[in-house]
Every structure is written in C-alpha cells, then in structure tokens.
Amino acid sequence: MVGQLKSAQRRRAVGRAALASGLVLLVVTGAALLASNPFGGQLPGGLACAHVKSLVAEYLADGLEPDLHEKVDRHLAHCEACRNFYASEREKASRLDTATGLALLTTAPAVGLLWLAVIGA
C-alpha cells in the first residue's frame, strides 16, 4: 500500500513537472513570436510581413483583388522592411523590363522601340 501511494505521488509529481515545463515552453514561444513582430501583435493592414512579401509580384503587376491590394498598401505604409523589399523588387522588375526592350531592339527593332516606349525607358 505504501509503495503504491509513493508510486502515485511520483506519477503526479512527474505530471506536474511536465505540465510546468510545457507552460514555460508555451510562454517562451509566445514571447519569441511577439518579439519577431515589431508591431507588438498589431499587423499593419492585417497582414504579416511574410504574407506581404509573397504577394509583391502580384502587387507590382496589379494582379491583386482590390481589398487585398488595399491591405498591402496599408502594410507598406507602416512597415519599413516591407517597403524596402518592395522597392528592391520593383527595381529588379524595371531592370528586367529595360533589358527585355534592349534585347528586342537587336532582334526586332520596331517591337523593341515599342516595348521601351510602353515601359517609359
């Protein structure tokens, strides 16, 4: 009987220790998630940075639905890191457009001139 009681007490103690370590892990993970969001839980435009970055190509091409486009606009207005990413991607797209136009000039001059006129290069 005494052996069974001590065994039950040990199981309860182990269970409490496991629960306590699980709670500590949950608190630490939650703190890390909050620390990784510089907006303190508030996401500009209701979108996380990773989501905004995944939408930049469509945003540049005006391929987003109006409500999602507006959310990205709001996010970019408040998030310098995403604004910098967007500017970098826009610059890459601009250089690609110009390179495409220059390549067309050598193969099909009329089309190349038209392309460069359309992109404003």
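We did not get these values from a lab; they are worked out from the coordinates using the rules stated. Predicted, not measured: the structure shown is a model, and the values here were computed from it. Cβ sites come from the backbone with ideal geometry, for glycine too, and all protein chains shown count toward neighbours.
Other residues within the sphere of radius under 13 Å centred on the Cβ of Asp97, judged by their own Cβ, net out at +1 (K and R +1, D and E -1).
Within the set of other residues whose C-beta is less than 14 Å from the C-beta of Leu60, count the net charge using Lys and Arg as +1 and Asp and Glu as -1. Write down the numbers at each step before the final one.
Numbers: positive: Lys53, Arg83, Arg90, Lys92, Arg95; negative: Glu58, Asp62, Asp73, Glu89, Glu91, Asp97.
Charge balance near Leu60 sits at -1.
So what is the diffusion coefficient of the stretch 49-121 in µm² per second by Stokes-Einstein at 37 °C and 0.692 mPa s, using a Kirkwood Rh over Cα pairs? In µm²/s, the coefficient is 242.
If I stretch the segment between Thr106 and Arg90 completely, what's the gain in nm (0.36 nm per residue apart, minus their alpha carbon distance), one decimal?
Working: separation 16, 0.36 × 16 = 5.76 nm, distance 2.50 nm.
Going from the current span to full extension adds 3.3 nm.
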